[in-house]
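**Q** Here it is, the structure, as structure tokens.
The values are calculated or read from the model by the stated rules, or taken from the named source; none is laboratory data. Being a predicted model, the structure only gives us computed values, none of them experimental. Cβ coordinates were reconstructed from backbone atoms using ideal geometry, including for glycine residues, and neighbour counts include every protein chain displayed.
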Amino acid sequence: MRLKESYEQKNRGNAGFPVEFYHINLNHPRYQMPMHWHMDYEIMMIEKGRFNLRLNDRLFTVKGGDIIYVPGGILHAGEPENCIYHCVVFDAEELFRGNSLAKAVVSSIPGEALFIRQEDTKLYNIARNIFEAGKAEKQGYELVVIGLLYQLFGFLSIGGTFKGAVTPHSSASRKIRTIKAALMTIEQSYQGEMSLDMLSSSCEMSPKYFCRVFKELTGRTPVDYLNGYRVEVACELLQSGKESVTEIALSCGFNDLSYFIKTFKKYKGVSPKQYAKNISNLL
């Protein structure tokens, strides 16, 4: 179930519980969800507000109460509007290791994103209960979450559920592969000097056509995405408080400190130092 390479490669949880929960509000360093992909499975729940969600080549607006199931390999991104949202991401290969029946069931389920509707009561309640258990973190919650994930895939495999699945347009496959290749290049090389020619050549496209495809699928230009990605990484480093602003700027691919500060303000509305101060006051 896992490709040898993916854009976002992270170890989720641990061997016994390969699951991570993310509770995201305005102060989270990754409040804006950049376009990315991974082979882990993800479930998103919007608590309140609006969320402009991109899935492969399609754009949707979701709101409080909505739940979205995103299997591995799907490009996804989001622009929240006064939004609080939650994500649970899990390594299905590790979760079902040694269980051939579970692996067979998961493999039989279409690899398409799905909006879990409230009228589909059983499936919706299972998904909500996963988030409730993860939020409470009471003793033994890990077993509760694993049991609920088994139930989730069991109900998904029963059939009929995927009438509302999100399927890419038939002409988008090559474009999706192109964007995945570009995102991998950015993730692997953002710390060094990068140019539009470098990105477009990694996708075997002319710079002009590459820009058009990238903007079409991500809603952003390649340079805008790259700068935004660098700033998000900088936010995580500022949260740790272990490096100076200058050190962080250099480690995120900014060779000019004043340009880093200007770019950071553009995306976050405050200077790096003020951002770090605001975060420390919340901790």
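**Q** On the basis of being under 19 Å from the mean Cα position of the chain (by Cα) and within 24 Å of Ile146 (Cβ to Cβ), does Val105 make the cut?
**A** Numbers: under 19 Å from the mean Cα position of the chain (by Cα): no; within 24 Å of Ile146 (Cβ to Cβ): yes.
No, not satisfied.
**Q** Considering only residues that are crowded, with 16+ Cβ neighbours inside 10 Å and hydrophobic (A, V, I, L, M, F, W, C), which ones fall in the range 48-66?
**A** Once the filter is applied, which keeps residues that are crowded, with 16+ Cβ neighbours inside 10 Å and hydrophobic (A, V, I, L, M, F, W, C), the range 48-66 yields Phe51, Leu53, Leu55, Val62.
**Q** Next up: Pick from the range 195-217 the residues that are surrounded by 21 or more Cβ atoms within 10 Å (Cβ to Cβ) and closer than 19 Å to Gly253 by Cβ: which of them is modelled with the highest pLDDT?
**A** Phe214
**Q** Filter the range 246-283 down to the residues that are touching a Lys or Arg at 6+ places or on another chain (Cβ under 6 Å) and assigned to a helix (DSSP H, G or I) and list them by number.
**A** The answer is Tyr275, and nothing else.
**Q** Consider Leu95 carefully, then state whether it is more than 24 Å from Arg177 (Cα to Cα) and modelled with pLDDT under 95. Can you show your working first?
**A** Numbers: more than 24 Å from Arg177 (Cα to Cα): yes; modelled with pLDDT under 95: yes.
Taking the combined requirement at face value, the residue satisfies it.
**Q** On to the next question. Would the range 154-165 turn up any residue that is surrounded by 16 or more Cβ atoms within 10 Å (Cβ to Cβ), under 20 Å from the mean Cα position of the chain (by Cα), part of a helix (DSSP H, G or I) and not assigned by TED's automatic domain parsing to the domain that holds Ser206?
**A** No - not one qualifying residue is present in the range 154-165.
**Q** In the range 234-254, which residues are surrounded by fewer than 19 Cβ atoms within 10 Å (Cβ to Cβ) and within 25 Å of Ala181 (Cα to Cα)?
**A** Glu236, Leu250, Ser251
**Q** Which one is modelled with the highest pLDDT, of the residues in the range 166-194 that are of a type in the set (Lys, Arg) and surrounded by fewer than 18 Cβ atoms within 10 Å (Cβ to Cβ)? Before you say what the answer is, go through the steps one by one.
**A** Step one: filter the range 166-194 for residues of a type in the set (Lys, Arg), giving 174-175, 177, 180.
Right, trim to surrounded by fewer than 18 Cβ atoms within 10 Å (Cβ to Cβ) and you get 174, 177.
On the way: Arg174: 85, Arg177: 88.
Filtering the range 166-194 for residues that are of a type in the set (Lys, Arg) and surrounded by fewer than 18 Cβ atoms within 10 Å (Cβ to Cβ), the one modelled with the highest pLDDT comes out as Arg177.
**Q** Please verify whether Lys175 is over 22 Å from the mean Cα position of the chain (by Cα) and more than 30 Å from Ala102 (Cα to Cα), treating the condition exactly as stated.
**A** Considered against the rule, which asks whether it is over 22 Å from the mean Cα position of the chain (by Cα) and more than 30 Å from Ala102 (Cα to Cα), Lys175 comes out as no.
**Q** Determine if the range 5-19 includes at least one residue that is outside any loop (DSSP other than H, G, I, E, B), modelled with pLDDT of 95 or more and either closer than 25 Å to Glu137 by Cα or of a type outside the set (Asp, Glu) (or both).
**A** Looking for residues that are outside any loop (DSSP other than H, G, I, E, B), modelled with pLDDT of 95 or more and either closer than 25 Å to Glu137 by Cα or of a type outside the set (Asp, Glu) (or both), one finds at least one in the range 5-19, hence yes.
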